[in-house]
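The structure appears below as structure tokens.
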């Protein structure tokens, strides 16, 4: 039994206090003074490798051979954020693991991502699970709790081969030379569109728009032809159109979202979206709404409100940008006949349109983090389960049902995903988009402690812009609030 350092509880408390201050900083909606350093460059990174490192001997070990000493089944708990079809498939994979061997038994606790995050941060170390699934926006925050065993330590200790893993998948959960989390369920935003509407508008149903200019032009043709009421359905959700997608568009423009090379070579101190790129982007979206080419569904509270506009019998939209993780569920619902005016065969999938039609996308989804309980056997058991979940066979099964992207290339040659790609190329769009990402730190996405709260700030700003607010003033105010969130967080967490 290893000793868990007491400082970890203190760091977890600091993260919680930071969250409280973040909420307070945004409560009045007023402008907050920017206390960050002045950044003058948006030159994309030329390497995927961070330049700063954490000494390996300061991190918890991963005794992967300790499982051999277990005398009976080792019970481990796994907190996750999957729901609906995703939850069902994760249960199947876990049941398969439990029945495939006698050394380890896994118990799942399903919650939303947000509930999982809050419960984890509020729990004492002894009350936390053995394994937790965390979304990509929680990397720095979870690192700062000092409560996990870096999977890089497990990889090194066991000689686990990651050569077939997508480099961008690993990089998304790496900072300062440390592989913190193991990528598991990868996604990125793709364009969902009605082939039926495209055909009715005289557009090629197999050629969705690649650039923002093409997105507007196609929307204009769709509206003018009467093929649909709107060309595009937008939302202002913090984890979609109001926050995450802006990060995606900055990456497509090969610009950093925060300083410190997106927080990957140095701790981030301020956002960089209050610039011409940010203003142009929000102006484009606002103009689409003002000109009747797009409609906002609000904060996408139901998680699928934007997609439902494609099947709206009265005022449909022809296109929407949505996570690829919804593909499997969307096709199942459409195939059931729930929406007679849109069949599963009518649904097209294309890359997320971006500035100048540049390819690529940031990693979305979540990763697996072993929790440091100080129990060597449990840590080893947790690592055994992680290896199962990211095996080529299980990633093939997972991706073929859900729409998530396999974390490894060899899963593409394993059934059922191999057959799925051959029979339904819509499942390959997100994978191909990710593979097309430039090998630069701008393609790795931002790592910054209060990213969850920063997305909420920007989402509120975008909702105002959709409602007609002045773009530059609103963007400047959001930037100032976000910078104060970062400052507060860094002061409490050693930044």
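If you check 124, 164, which single one turns out to be closer than 23 Å to residue 445 by Cβ, assigned by TED's automatic domain parsing to the domain that holds residue 374 and surrounded by fewer than 24 Cβ atoms within 10 Å (Cβ to Cβ)? Outline the logic, then answer.
Values: 124 fails: closer than 23 Å to residue 445 by Cβ.
Of the residues listed, the single one that is closer than 23 Å to residue 445 by Cβ, assigned by TED's automatic domain parsing to the domain that holds residue 374 and surrounded by fewer than 24 Cβ atoms within 10 Å (Cβ to Cβ) is 164.
Criterion first (touching a strand residue (DSSP E or B) at 6+ places or on another chain (Cβ under 6 Å), touching a residue at least 12 places away in the same chain (Cβ under 8 Å) and assigned to a loop (DSSP other than H, G, I, E, B)) does residue 447 satisfy it?
Working: touching a strand residue (DSSP E or B) at 6+ places or on another chain (Cβ under 6 Å): yes; touching a residue at least 12 places away in the same chain (Cβ under 8 Å): yes; assigned to a loop (DSSP other than H, G, I, E, B): yes.
Spelling it out, residue 447 is indeed touching a strand residue (DSSP E or B) at 6+ places or on another chain (Cβ under 6 Å), touching a residue at least 12 places away in the same chain (Cβ under 8 Å) and assigned to a loop (DSSP other than H, G, I, E, B).
Identify the single condition in (1) in contact (Cβ under 8 Å) with a residue 60 or more places away in the chain; (2) farther than 20 Å from residue 168 by Cβ; (3) surrounded by fewer than 22 Cβ atoms within 10 Å (Cβ to Cβ) that residue 370 does not satisfy, given that it satisfies every other one.
Unmet for residue 370, out of (1) in contact (Cβ under 8 Å) with a residue 60 or more places away in the chain; (2) farther than 20 Å from residue 168 by Cβ; (3) surrounded by fewer than 22 Cβ atoms within 10 Å (Cβ to Cβ): (3).
Out of all the residues in the range 389-397, is one or more over 24 Å from residue 105 (Cα atoms) and in contact with a strand residue (DSSP E or B) (Cβ under 8 Å, 6 or more places away or on another chain)? Don't jump to the end; show me each part of the working.
Of all residues in the range 389-397, those over 24 Å from residue 105 (Cα atoms) come to none.
Looking through the range 389-397, none of the residues is over 24 Å from residue 105 (Cα atoms) and in contact with a strand residue (DSSP E or B) (Cβ under 8 Å, 6 or more places away or on another chain).
Got a number for residues in the range 402-441 being in the same structural domain as residue 176 (by TED's automatic domain parsing) and at pLDDT below 95?
2
Yes or no: residue 150 over 20 Å from the mean Cα position of the chain (by Cα) and either outside the structural domain of residue 83 (by TED's automatic domain parsing) or buried (at least 23 other Cβ atoms within 10 Å of the Cβ) (or both)?
Numbers: over 20 Å from the mean Cα position of the chain (by Cα): no; either outside the structural domain of residue 83 (by TED's automatic domain parsing) or buried (at least 23 other Cβ atoms within 10 Å of the Cβ) (or both): yes.
No.
Given the conditions (1) surrounded by fewer than 19 Cβ atoms within 10 Å (Cβ to Cβ); (2) assigned to a strand (DSSP E or B); (3) touching a residue at least 60 places away in the same chain (Cβ under 8 Å), report the number of the one that residue 54 does not fulfil.
All conditions pass for residue 54, except number (2).
Could you list, in sequence order, the residues of the range 257-266 that are under 18 Å from residue 487 (Cβ atoms) and touching a helix residue (DSSP H, G or I) at 6+ places or on another chain (Cβ under 9 Å)?
257, 258, 262, 263, 266
As an exercise: evaluate residue 231 against (1) closer than 27 Å to residue 340 by Cβ; (2) surrounded by fewer than 23 Cβ atoms within 10 Å (Cβ to Cβ) and give the number of the one condition it does not meet.
Here residue 231 clears every test but (2).
Is there a residue being over 22 Å from residue 276 (Cα atoms), at pLDDT 95 or above and in a helix (DSSP H, G or I) anywhere in the range 452-462?
Yes, that holds for at least one residue.
Scan the range 338-351 and give yes if some residue there is within 30 Å of residue 246 (Cα to Cα), modelled with pLDDT under 95 and within 25 Å of the chain's Cα centre (by Cα), otherwise no.
No: the range 338-351 contains no residue that is within 30 Å of residue 246 (Cα to Cα), modelled with pLDDT under 95 and within 25 Å of the chain's Cα centre (by Cα).
Where in the range 59-163 are the strands (runs of 3 or more DSSP E), entirely inside, with at least 1 residues that are farther than 30 Å from residue 490 by Cβ and in contact with a strand residue (DSSP E or B) (Cβ under 8 Å, 6 or more places away or on another chain)?
Details: elements: 74-80, 104-110, 131-135.
Output list reads 74-80, 104-110.
Looking at (1) at pLDDT below 95; (2) within 26 Å of residue 328 (Cα to Cα), find the lone condition where residue 164 falls short.
(1)
Scan the range 177-195 and report the pairs whose first residue is over 16 Å from residue 432 (Cα atoms) and whose second residue is assigned to a strand (DSSP E or B) and modelled with pLDDT under 95, with Cβ atoms within less than 8 Å and a gap of 6+ or a chain change.
180/174
Just to check your reading of the model, which residue among 287, 283 is within 26 Å of the chain's Cα centre (by Cα), part of a helix (DSSP H, G or I) and within 25 Å of residue 299 (Cβ to Cβ)?
Every option except 283 fails the conditions.
Do the conditions hold for residue 212, that is, is it in the same structural domain as residue 275 (by TED's automatic domain parsing), in contact with a helix residue (DSSP H, G or I) (Cβ under 7 Å, 6 or more places away or on another chain) and surrounded by fewer than 22 Cβ atoms within 10 Å (Cβ to Cβ)? I'd like the intermediate steps shown before the answer.
On the way: in the same structural domain as residue 275 (by TED's automatic domain parsing): yes; in contact with a helix residue (DSSP H, G or I) (Cβ under 7 Å, 6 or more places away or on another chain): yes; surrounded by fewer than 22 Cβ atoms within 10 Å (Cβ to Cβ): yes.
Criteria met by residue 212.
Where in the range 308-373 are there strands (runs of 3 or more DSSP E), lying fully within it, with 1 or more residues that are more than 17 Å from residue 233 (Cα to Cα)?
364-370
If the requirement is being assigned by TED's automatic domain parsing to the domain that holds residue 168 and surrounded by fewer than 22 Cβ atoms within 10 Å (Cβ to Cβ), which of these qualifies: 116, 112?
On the way: 116 fails: surrounded by fewer than 22 Cβ atoms within 10 Å (Cβ to Cβ).
Testing whether each residue is assigned by TED's automatic domain parsing to the domain that holds residue 168 and surrounded by fewer than 22 Cβ atoms within 10 Å (Cβ to Cβ) leaves just 112.
Here is a check on your reading of the model: is residue 422 within 27 Å of residue 265 (Cα to Cα) and surrounded by fewer than 19 Cβ atoms within 10 Å (Cβ to Cβ)? Steps first, answer last, please.
Numbers: within 27 Å of residue 265 (Cα to Cα): no; surrounded by fewer than 19 Cβ atoms within 10 Å (Cβ to Cβ): yes.
No, not satisfied.
The values are calculated or read from the model by the stated rules, or taken from the named source; none is laboratory data. Here the structure is a predicted model, which means the values were calculated and not measured. Methodologically, a virtual Cβ is constructed for each residue, glycine included, from the backbone with ideal geometry; neighbour enumeration extends over all protein chains shown.
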